[in-house]
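In what follows, a single structure is set out as structure tokens and then discussed.
The values are calculated or read from the model by the stated rules, or taken from the named source; none is laboratory data. Predicted model, so just to flag it, every value in this text is computed and none were measured. Cβ atoms come from the backbone with ideal geometry, glycine included; neighbour counts cover every protein chain shown.
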Amino acid sequence: MKISYNWLKKYISIDINAETVSGILTDIGLPVKSIKKIFYEDEIEDSILDVEITPNRTDAMSHYGIARDLYAFLKLREKTVYLSKPLIINERIHHHDKYHVQVFIQENKKCIRYSGMSIYGIRIEPSPYWLVSRLKSIGIKSINNVMDVINFVIYELGQPIHVFDMDQIEEKKIIIKNAERNTYFQSSDCITRKLDEEDLVICDAKKPLSIAGLINSIQSDIHLDTKNIFLGSACFSPILIRLIGRKHLIKTESQYLFERGVDPNQTASALQRTAFLIKSITKKKTYFHIIDVYPSPIYPSTIKLRYNKIRNVLGKEISINKIKKILSLLEIVIHSENQKYLFVCVPLYRIDVKREIDLIEEILRIYGINKIKISDRVKISPIPNCFYKTEHKIQKILFEQLICYGFQEIISSTMINEDKYSTLLNSFFNREEIRIVNPINQNYKLMRSSLLFGMIDCIEYNYNRINYYNSSIKFFEIGKIYYKQNDKFLEKTYLGIVISKKIEKKHVESQPFFYLKGIVEQIFQKSGINNYTQIFSKHPLLENSISMLYNNKNIVEIGKLKNNILKKKEIFYAEIDWEYLISIIQEKKIIYVPFSKYPTSRRDLSLLVDKTISFEKINQLIKKEENHVIKKIQIYDFYEGDNLPKSKKSYTVSFFFESEKETLNDKIIKYYMKKIESLLKKELKAEIRERK
């Protein structure tokens, strides 16, 4: 937002230069990105400050709002400074029935307050030089005296104002309501927009005049022959304005302010300010009439502010008198108090202050964050294992990790369709499905014996309704499975992770199996599970599946769904034994190992081995050598098929070398790589194809 230094000085008496103001604004959380010097035609110098304001600080999105913050900061430091409020019209407002406009609000939740002003007997003409130069300094082009005053007030107070030609308002009625379906609205930017019941419009008795005060119709705009005008100043629901703006591609200054929230107590005073300026620049005698509709008044919120909380958060004791003075300078009223706390009322224009911690932030902002000394020592209180190793805490951490990888959590039914999954049922070894005696739905009369069934339903549902042509479906679910084994009814908790994609030509993410395996390994790494082994398994529902074992006990199964239930779609599934995973994590002890200060080096090795040799066998063979400089072994690529003997397959394996004592040079790494090659040739009869 651009702020004129000379304009700012109209509200606050300061004897400091623009550079000093820039530093103060940055200190109080309104960073100034740049300062530009400009000269008016009469050679008056001004400085333009480009201020970066966060979306929740609508109170500072105006010249007066920034002056108000500057005043609080300087006054606390006992500077000689005064804050002047913009002058408004206070004289008796004339009333003529002929031009009296009535306002009706039909949508109280969408339009919180609406203030209107009728001004008649005006002349549309060029603006005076002072007004043109003020607007020009912040990049606003002059239009005419009425529009320039409105723009001036918007940038002065941060309150949007719209204007209509009053002679175009049918039956002198302003109605704020939802638009009718299939209403076509030709706006002043020469675009015809189609409206529906979700759009809020400002209408007269017959037609819409404006879309929520954001943009007018061509008929209602003022022109050179306009003699009477109607000004509107409103407070709308920020969420509604955001939706309307995005839906109809409307980007105006009013939309920018409305969607961030404006002060409902300022709608009428902004019109009085507008009336004052119009009266001061017009050469004709003008008459005004204000009407204000506020169906459900909003009252300031009351917040409890504890002195000990301030001390604990800031780490510094601030005197009670200074706290009270800061609150007073911020126009935060103390409702009641005692020795331990204050009850304060926050003005409505501070939409960002809703909690006690927000008040403490305001105190710190004005007090000065630079006055809070930071200790040279960092104190950490170790958290007991019992706190972060509860199942709920572990679940939250791992679920957040999956969400960060782009997975979505689902909750599927515990019942499955017997007819749909008849080819997959009864496949489990020593596991029998449990049948419901009196099912609600005859199609769903079996308890699920795997989370995969519900996931397939969810995948199918999404493919039928959402276009996933260029992306994968990635879901996860935690839940119980139910089955019968040795005449006993059993239930067990599993974490299921699934990836599904349409079968197409291979591209970057051509191996979902390895991607899914990598996700599981990341979960293991987060859980502190490192010494796991991998073996090929014969899962009844998955092909080319592997099992990951910890302490020789199965913890996860990963593979591709055998039966292609969903046509032209591949499904890759991992099923983690949740109860076993939790028990492993809870038994793990936390040990701190410092990072090596020496760099890691990577080497890739492509080799040809017998088809019966798994990567895990290669992995375990090299690990047995107990080589302390090999920190990690990873499979990079795998291939079997054309251009290879039928009994052979190719692996590309990545080796990561790192020492805690020295930087490993190329000579040392080559020595270890030769040892690895020699071991693979001797034990596995491997043929080395390429080294990188």
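Under 6 Å between Cβ atoms, which residue pairs at least 6 apart in sequence (or on different chains) link something in region 486-500 that is touching a residue at least 12 places away in the same chain (Cβ under 8 Å) with a partner that is acidic (Asp, Glu) and assigned to a strand (DSSP E or B)?
From residues that are touching a residue at least 12 places away in the same chain (Cβ under 8 Å), the pairs are TYR494/GLU575; GLY496/GLU477; GLY496/GLU575.
Hey, could you check region 183-228 for residues that are of a type in the set (Asp, Glu) and under 27 Å from THR286 (Cα atoms) and say which is surrounded by the fewest Cβ atoms within 10 Å (Cβ to Cβ)?
ASP225
How many residues does region 72-119 contain that are closer than 24 Å to LYS172 by Cβ, at pLDDT 85 or above and either in a strand (DSSP E or B) or outside the structural domain of ILE241 (by TED's automatic domain parsing) (or both)?
13
Which residues, counting only those in region 593-623, are in a loop (DSSP other than H, G, I, E, B) and within 40 Å of the chain's Cα centre (by Cα)?
Correct list: VAL593, PRO594, PHE595, SER596, LYS597, TYR598, PRO599, THR600.
Can you find a residue that is at pLDDT 85 or above, within 28 Å of GLN522 (Cβ to Cβ) and not in a loop (DSSP other than H, G, I, E, B) anywhere in region 411-426?
Scanning region 411-426 turns up no residue that is at pLDDT 85 or above, within 28 Å of GLN522 (Cβ to Cβ) and not in a loop (DSSP other than H, G, I, E, B).
Please identify the pairs in which a residue from region 553-581 that is within 16 Å of LEU516 (Cβ to Cβ) and at pLDDT below 90 has its Cβ atom under 8 Å from the Cβ atom of a residue that is surrounded by fewer than 17 Cβ atoms within 10 Å (Cβ to Cβ) and among the basic types (Lys, Arg), counting only partners at least 6 apart or on another chain.
What qualifies is LYS569/LYS502; GLU570/LYS502.
Would you list the helices (runs of 4 or more DSSP H) that sit entirely within region 251-332 and hold 3 or more residues that are under 31 Å from the mean Cα position of the chain (by Cα)?
Output list reads 253-258, 307-314.
Exactly one condition in (1) in contact with a strand residue (DSSP E or B) (Cβ under 9 Å, 6 or more places away or on another chain); (2) surrounded by 18 or more Cβ atoms within 10 Å (Cβ to Cβ); (3) of a type outside the set (A, V, I, L, M, F, W, C); (4) within 30 Å of TYR129 (Cβ to Cβ) is false for ARG273; which is it?
(1)
Could you go through region 595-602 and let me know if any residue there is touching a helix residue (DSSP H, G or I) at 6+ places or on another chain (Cβ under 8 Å) and under 21 Å from GLN534 (Cβ atoms).
no
Return the only residue of ILE332, ILE290 being touching a residue at least 12 places away in the same chain (Cβ under 8 Å) and either at positive phi or out of contact with any Leu (no Cβ under 7 Å at 6 or more places or on another chain) (or both).
Result of the check over ILE332, ILE290: ILE332.
Of everything in region 646-670, what is outside any strand (DSSP E or B) and either of a type in the set (Lys, Arg) or exposed (fewer than 11 other Cβ atoms within 10 Å of the Cβ) (or both)? Give them in sequence order.
LYS646, SER647, LYS661, GLU662, ASN665, ASP666, LYS667, LYS670
For PHE152, which of the numbered conditions (1) assigned by TED's automatic domain parsing to the domain that holds HIS223; (2) closer than 30 Å to ARG365 by Cα; (3) assigned to a loop (DSSP other than H, G, I, E, B); (4) of a type outside the set (A, V, I, L, M) fails to hold?
The failed condition is (3).
For GLU156, indicate whether it is under 32 Å from the mean Cα position of the chain (by Cα) and of a type outside the set (A, V, I, L, M).
Yes; evaluated as a whole, the condition is true for this residue.
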